[in-house]
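Here's the structure we're looking at; comments come further down.
The values are calculated or read from the model by the stated rules, or taken from the named source; none is laboratory data. Predicted model only: the values in this text are computed from it and were never measured. Virtual Cβ from ideal backbone geometry, glycine too; neighbours counted across all protein chains shown.
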Protein chains: 2
Amino acid sequence: MIRYLKTDPWKIIEEGFNPQHHQSSESIFSLGNGKFGQRANHEEKYSGKHLQGSYVAGVYYPDKTRVGWWKNGYPEYFAKVLNATAWSIIQVQVNGEELDLAVTPVKDFVRELDMQCGVLTRSFTACFANGVECKVTAQRFLSMHNENIAAIRYSITPLNASATITFHSKLDGVVKNHDANYDEFFWEYIHQESNQGVGSVVTRTKKTAFELAVAMCHDTQGVDWKSDDVAQAQVACTFEGTLAAGEEAVLFKYVGIENSLYQSKDKVNAVAHDHAAAARHQGYTALLQEHTAAWSRVWEMADIVIKGDDEAQQGIRFNIFHLNQTYTGKDARLNIGPKGFTGEKYGGSTYWDTEAYCIPFYMATKNQEVARQLLNYRHVQLERAIENAAKLGFKHGAALYPMVTMNGEECHNEWEITFEEIHRNGAIAYAIYNYTRYTGDASYVMEKGWEVLLGIARFWAQRVHWSANKGMYVMHGVTGPNEYENNVNNNWYTSYIAVWCLKYTASILDQMKVQDEAAFADGCHKWQLDWPQESAQWQDIIQKMYLPQQEGTSIFLQQDGFLDKVLMPASELDSAERPINQHWSWDRILRSCFIKQADVLQGIYFFEEDFDLATIKANFDFYEPMTVHESSLSPCVHSILAAQLGYEEKAVEMYMRTSRLDLDDYNHEAHEGLHITSMAGTWMAVVQGFGGMRVKGDTLTFRPMLPQQWESYQFRVNHRGVIKEVTVNREGVVFSDRVAVE
Amino acid sequence: MIRYLKTDPWKIIEEGFNPQHHQSSESIFSLGNGKFGQRANHEEKYSGKHLQGSYVAGVYYPDKTRVGWWKNGYPEYFAKVLNATAWSIIQVQVNGEELDLAVTPVKDFVRELDMQCGVLTRSFTACFANGVECKVTAQRFLSMHNENIAAIRYSITPLNASATITFHSKLDGVVKNHDANYDEFFWEYIHQESNQGVGSVVTRTKKTAFELAVAMCHDTQGVDWKSDDVAQAQVACTFEGTLAAGEEAVLFKYVGIENSLYQSKDKVNAVAHDHAAAARHQGYTALLQEHTAAWSRVWEMADIVIKGDDEAQQGIRFNIFHLNQTYTGKDARLNIGPKGFTGEKYGGSTYWDTEAYCIPFYMATKNQEVARQLLNYRHVQLERAIENAAKLGFKHGAALYPMVTMNGEECHNEWEITFEEIHRNGAIAYAIYNYTRYTGDASYVMEKGWEVLLGIARFWAQRVHWSANKGMYVMHGVTGPNEYENNVNNNWYTSYIAVWCLKYTASILDQMKVQDEAAFADGCHKWQLDWPQESAQWQDIIQKMYLPQQEGTSIFLQQDGFLDKVLMPASELDSAERPINQHWSWDRILRSCFIKQADVLQGIYFFEEDFDLATIKANFDFYEPMTVHESSLSPCVHSILAAQLGYEEKAVEMYMRTSRLDLDDYNHEAHEGLHITSMAGTWMAVVQGFGGMRVKGDTLTFRPMLPQQWESYQFRVNHRGVIKEVTVNREGVVFSDRVAVE
């Protein structure tokens, strides 16, 4: 745990510059608006360690894969989140001396992210070697109102002498991915121009040929345009002025971004210029007002207020803030990258995290169309999932959704994950069920979702096999959610969700047949579905699936052979060897009993209604102590179950760990980017954990508990167009309903 | 199976040039002498598809590893067999027109490898576009007598007109590995010179800083030296002459090779020149005589004569020939690379193949010092094996020998192999036992081998764990010899050999204590060995190790859960899907019952004396039908067991497959290089399989069978200084003894 940021209910504050944590700060203070995002790089030159990072949703590059030994079925490429044209650069010189926070001493440094309005501000006094001291204030935002626009207000005031201030405002398209398998450049340089402070850069991705235009224009105060410099994919506009002591020089930089996902390639440059020009026309203050208003609508729906514990309060808002910066649900081609716009690690944009963790958050804090958009994403990619399964030898429309993807194709390549961590298919089916029961909107499953379910059910029906030895169906060679076990037989979670998928799909198909026989007949024709004949094998599997369980107990066994391990609690591990994934060799991790994230317990969380409380408790008591929570997705599920079981201390511990995972950098990896998808789990920990929210038929039920150290908490959920506000304090619980505004 | 070569008892013959098989021919016709080797690249320019390949024993490069996701314990590098300065190049022009077999039509092409004397000859008539026809004969050898020398006699005779013949004899140090992870050059260029047809190139490997000098000088007939050209790491000497029709131009090229494993770096160039000059002084014919004599001494010991089946005869000699070209036992730093000097694939030089397959061959066909040298190799690397085990968390001198190595460090990086295919440790211990019982020389195990055994035994004692559930010791997370199963629990072979190692090591330590108490006390001090106290845990493991077996049968189970698979014979597979490793995705292979190579049967082969014939038969009948033999190491062990069980047809099928694996290119991969280590298995298939040779105490026993299609076979084995010649024909078996000559 690393704590260098101030606790505040609405803000993230760094007082005094911490160069040793700067890369983490660049992640934590990142801004985004669903369409593009920007790490909190200093505007000025910074010669210290940092990761310049500017990312655009949906614009990716299929990097050549890197494997030890190629195996049949591996994808040819691994989609990379692309570091794109840097637009936040404003280099500053004072009397010709460069401002560089790795060189220039500064005092009174404050970096502040105001989450309520999505604005990043830095202020400090820079003490130049030439004797001039300047007050600097830099503020920026990425508009949540007009998602093609960003704006920066950069102000500098010489305090003790008159000084010549020079700004070089740049667009730099010569960017290299930090995460590149063979150290290659992923961009081609198409166009660059600049004229009197109005410039743009157009670049195109190799292979995928996405075109990206970034334009800028400026307003000034105290400085004047001086020159434009244009090099390949790089433009710089220079502004200069000489100011008296106490006089303020301000550069307003308006940035417009457009790409070929939304415009034809011949127009992206012009449209980017239009965005920038319109922003300038509107002006910084008006843009900021619109942006703030947009954030206030977000918070109106999504905020969780925790009183009496500012750390908990700051944590949950930090999570909600970044989720909203990452995904807004406006484009069915987009999804929720595990690092959002805050870093490059993991590549791809879509994991099972979306269905297992993110959908509940978006479903309850947005209009239901947003969650439906996420479901749609998988429906659009169904053909690719079928091709993916075919590569692995599956037939008859069986679909295996990829472990990681940008466009539906698999782009992960470790066999134990790519080919074996197939439970992802279950989560994708579960999300359809989850959406349907929460929203009451059956139209998605009846119109599109059933096709996804059918492909998934067919996959499971082929993936199991009959064991003559056991006289039951078994599922061999899988990796469960606990990735600290690879290639195991009969992972309880995977087998359980497979059976559930078969049951649910069969029930949906039966309903369809009854509801609209003609439409169903068309569907059967399209998918060569002979119904209910095809369900005969499904029913056999449902009845005879092997689900390992410890004899004489209600403990479900994570996999075959689990009880043959040396079973011991993680608390007995040497703390110097934690996290074990940074200290132990992989084989040792695999042999151990230690669990990365909820596995059996993930199934119990999903299918809670199938188990009595004693069973839930027995499994939690058995597995949680062996769980090392080395996945960001782990603590939230445990927090929810702990709350349900009345283990308040454990629930709060897990909540704090999930909500402040990046703020307190528990895993020493915030510098690589934030754990965006697990942030939705944090929200679940409050609403489903402490709040005890459950869906029972057409209504929501709550069974709140109030952690001792909190005075109260309050959250809102949008349930079928009605905003339910739940307030829990020492006096009790208050429910109130309002009509949803969006 | 691809058959384009003629069958001949002593020769490999290609009649008519087959460009489509040229890369395979380059492998098959390769030459080597234990110190360096050369693929059968054409001397002339060849613009068609080929792999220029020149390799020097012990000179390697630690290439950066390439992995999908880094895991703790992975080695930083993967040692590559290094493609080194090309020295066989003699470009030829006739009246200025280049001879290029991809362009110039040729007739009467014959390529012939005479295995009896280790000489490669090509002859053909080239029909130039300019109308000149020339007879070409090119012959080369790599001296088995003086292993620093190679010689080429290149002859060309214009047949139908006078012509100007130009030879450009080259050394080219600008070589790139075909097998390079990041497409980098591995060599630095140190020196090059050429003066009147005497030239050299010195290059140095990056990182490892091996220096290699290759020198050349020439004799000529009908042409004269014309010029020298020197570029960085490249020298060319030009010879030219105008010849009447029917007149022969000959270039004799003498090549001397030296490297810094044997000489100080300031001397390698001079010494290489000395080698070349001495060779020239001696002359081609005398060199060839020495070389042929050396080969004849090899065949005297190692030949196997099969009458009545030339394919079988050619096959076994091809295997014996290449084994002798690859390893001669003169240098304890060298070992037997899986591709020898015939290709780059697999990297590294040392696998468990050496101990499991190669040692019996070298033990019986060479002076016993050669096998002892191979054992020494592991003793020298013991500290590295201990370091390797420590990286994986093992303590107290536990040793895990690497899966692949050049210098003792692990350089393989797939977790399921690197960390889990630990049975290799067992084979290394077994080889010590095998050597000792065969040679009767206990001095190795008593002086050095016991230290290797102790490290290995300590590894096993820590690698198993007590299963409270089973009330037995188990071994989780291993990969057996059958690499079509990964990360399994209780692989019978691994567990069996682990227990055997503990027993054998304990018995050796007990013997040592009795034989020389003082020396043993020193050893105990060195290794912090408290004896026999340390054996208490070993004995417990020996008594309580879990070895999976099918209830009510004598079938040993390959691993936990094996019987839950769908069990079916490989013969029921669609032949279009064979080999499965080129058609099935990895997960499908893993889930299937199909076996890559002997696993349980490898154990039964090693420890045959522990099992009655009914048990051997039951296990062979159970496993062999599920075995797809997709490892080159598979057929030999099955051939031996089939012979023992009287399954003659299967024994012969497996023998033909192993002996002609590369000649008939069963696996469509001869172009990558030959399967050198499995060639020793071919020898075992004759001697231990058909010959039924076994060691019983101090004597050899034989139980020969004669395959129906053979008239007779004869082999010799060196047993404790006595050459036993065994002749098996329809009349019976003749044994005769002679004193070993070497």
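The table below gives the values:
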quantity	calculated
Residue within the range B:450-461 that is touching a Gly at 6+ places or on another chain (Cβ under 7 Å), within 23 Å of B:Lys64 (Cβ to Cβ) and either away from chain A (no Cβ under 14 Å) or among the polar types (S, T, N, Q) (or both) present	no
Selected residue (criterion: surrounded by the most Cβ atoms within 10 Å (Cβ to Cβ)) from residues of the range A:441-468 that are in a loop (DSSP other than H, G, I, E, B) and touching a residue at least 12 places away in the same chain (Cβ under 8 Å)	A:Val464
The lone exception for B:Ile580 - which of (1) within 14 Å of another protein chain (Cβ to nearest Cβ); (2) closer than 22 Å to A:Val474 by Cα; (3) of a type outside the set (Lys, Arg) it fails	(2)
Matching option when the condition is more than 14 Å from chain A (Cβ to nearest Cβ) and either within 30 Å of A:Gln559 (Cβ to Cβ) or within 24 Å of the chain's Cα centre (by Cα) (or both), among B:Ala614, B:Ala570, B:Ala642	B:Ala570
Check on A:Val652, surrounded by fewer than 24 Cβ atoms within 10 Å (Cβ to Cβ), β-branched (Val, Ile, Thr) and touching a residue at least 40 places away in the same chain (Cβ under 8 Å)	yes
The listed residue being within 17 Å of A:Tyr351 (Cα to Cα), buried (at least 24 other Cβ atoms within 10 Å of the Cβ) and over 20 Å from the mean Cα position of the chain (by Cα), out of A:Ile422, A:Ile432	A:Ile422
Unique match (being among the small types (Gly, Ala, Ser), under 24 Å from B:Phe17 (Cβ atoms) and within 31 Å of the chain's Cα centre (by Cα)) among B:Ala138, B:Ala163	B:Ala138
Filter result for B:Val717 (over 25 Å from B:Ser349 (Cβ atoms), modelled with pLDDT under 95 and out of contact with any Pro (no Cβ under 7 Å at 6 or more places or on another chain))	no
Residue match in the range B:230-239 (condition: in contact with a Cys (Cβ under 7 Å, 6 or more places away or on another chain) and assigned to a strand (DSSP E or B))	no
Residue satisfying condition, being touching a Pro at 6+ places or on another chain (Cβ under 9 Å) and farther than 20 Å from A:Gln314 by Cβ, within set A:Gly646, A:Gly697, A:Gly692, A:Gly673	A:Gly692
Selection status of B:Leu563, touching a residue at least 12 places away in the same chain (Cβ under 8 Å), more than 7 Å from chain A (Cβ to nearest Cβ) and over 30 Å from the mean Cα position of the chain (by Cα)	no
Cβ pairs under 6 Å, 6+ apart, first in the range B:265-277 and free of Cβ contacts under 8 Å to residues at least 60 places away in the same chain, second crowded, with 19+ Cβ neighbours inside 10 Å and in a loop (DSSP other than H, G, I, E, B)	none
Any chance A:Ser575 is more than 14 Å from every other protein chain (Cβ to nearest Cβ), of a type in the set (Ser, Thr, Tyr), free of Cβ contacts under 8 Å to residues at least 60 places away in the same chain and surrounded by fewer than 16 Cβ atoms within 10 Å (Cβ to Cβ)	yes
Search result, residues across the range A:529-538 that are over 37 Å from the mean Cα position of the chain (by Cα) and not charged (D, E, K, R)	A:Trp531, A:Pro532, A:Gln533, A:Ala536, A:Gln537
Top-ranked residue of the range B:502-520 - restricted to ones that are β-branched (Val, Ile, Thr) and surrounded by fewer than 24 Cβ atoms within 10 Å (Cβ to Cβ), ranked as farthest from the other protein chains (Cβ to nearest Cβ)	B:Val514
Hits in the range B:705-733 - residues which are surrounded by 17 or more Cβ atoms within 10 Å (Cβ to Cβ) and free of Cβ contacts under 8 Å to residues at least 40 places away in the same chain	B:Leu706, B:Lys724, B:Val726, B:Thr727, B:Val728
Evaluation of B:Phe394 against (1) in contact with a Phe, Trp or Tyr (Cβ under 7 Å, 6 or more places away or on another chain); (2) within 14 Å of another protein chain (Cβ to nearest Cβ); (3) in a helix (DSSP H, G or I); (4) not charged (D, E, K, R) (one fails), failing number	(3)
Within the range A:594-611, considering residues that are surrounded by fewer than 20 Cβ atoms within 10 Å (Cβ to Cβ) and either among the charged types (D, E, K, R) or closer than 24 Å to B:Asn490 by Cα (or both), the one nearest to the other protein chains (Cβ to nearest Cβ)	A:Asp610
Pair list, Cβ under 6 Å, 6 or more apart: the range B:469-482 residue facing chain A (nearest Cβ under 7 Å), other residue of a type in the set (Phe, Trp, Tyr)	B:Lys470/B:Tyr546; B:Val474/B:Tyr546
Selection count, the range B:143-156, where residues are part of a strand (DSSP E or B), crowded, with 21+ Cβ neighbours inside 10 Å and not aromatic (Phe, Trp, Tyr)	5
Matching entry among B:Ala236, B:Ala249 (being in the same structural domain as B:Ala151 (by TED's automatic domain parsing), closer than 18 Å to B:Tyr284 by Cβ and surrounded by 18 or more Cβ atoms within 10 Å (Cβ to Cβ))	B:Ala249
Among residues of the range A:529-580, those that are closer than 30 Å to A:Tyr666 by Cα, in contact with a strand residue (DSSP E or B) (Cβ under 8 Å, 6 or more places away or on another chain) and of a type in the set (Lys, Arg), counted	1
Single match in A:Val499, A:Val464, A:Val445, A:Val488 (criterion: away from chain B (no Cβ under 11 Å) and touching a strand residue (DSSP E or B) at 6+ places or on another chain (Cβ under 8 Å))	A:Val499
Leading residue by the ranking (nearest to A:Lys135 (Cα to Cα)) among those in the range A:17-48 that are assigned by TED's automatic domain parsing to the domain that holds A:Arg140 and out of contact with any strand residue (DSSP E or B) (no Cβ under 7 Å at 6 or more places or on another chain)	A:His42
Options B:Gly337, B:Gly408; residue that is surrounded by fewer than 24 Cβ atoms within 10 Å (Cβ to Cβ), part of a loop (DSSP other than H, G, I, E, B) and more than 14 Å from chain A (Cβ to nearest Cβ)	B:Gly408
Qualifying residue in the range A:668-681 (condition: part of a loop (DSSP other than H, G, I, E, B) and surrounded by fewer than 24 Cβ atoms within 10 Å (Cβ to Cβ))	yes
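Conditions tested, residue by residue: (1) of a type in the set (Phe, Trp, Tyr); (2) within 14 Å of chain B (Cβ to nearest Cβ); (3) crowded, with 21+ Cβ neighbours inside 10 Å.
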residue: A:Arg372; (1), (2), (3): no, no, yes
residue: A:Arg384; (1), (2), (3): no, no, no
residue: A:Ala399; (1), (2), (3): no, no, yes
residue: A:Ile417; (1), (2), (3): no, yes, no
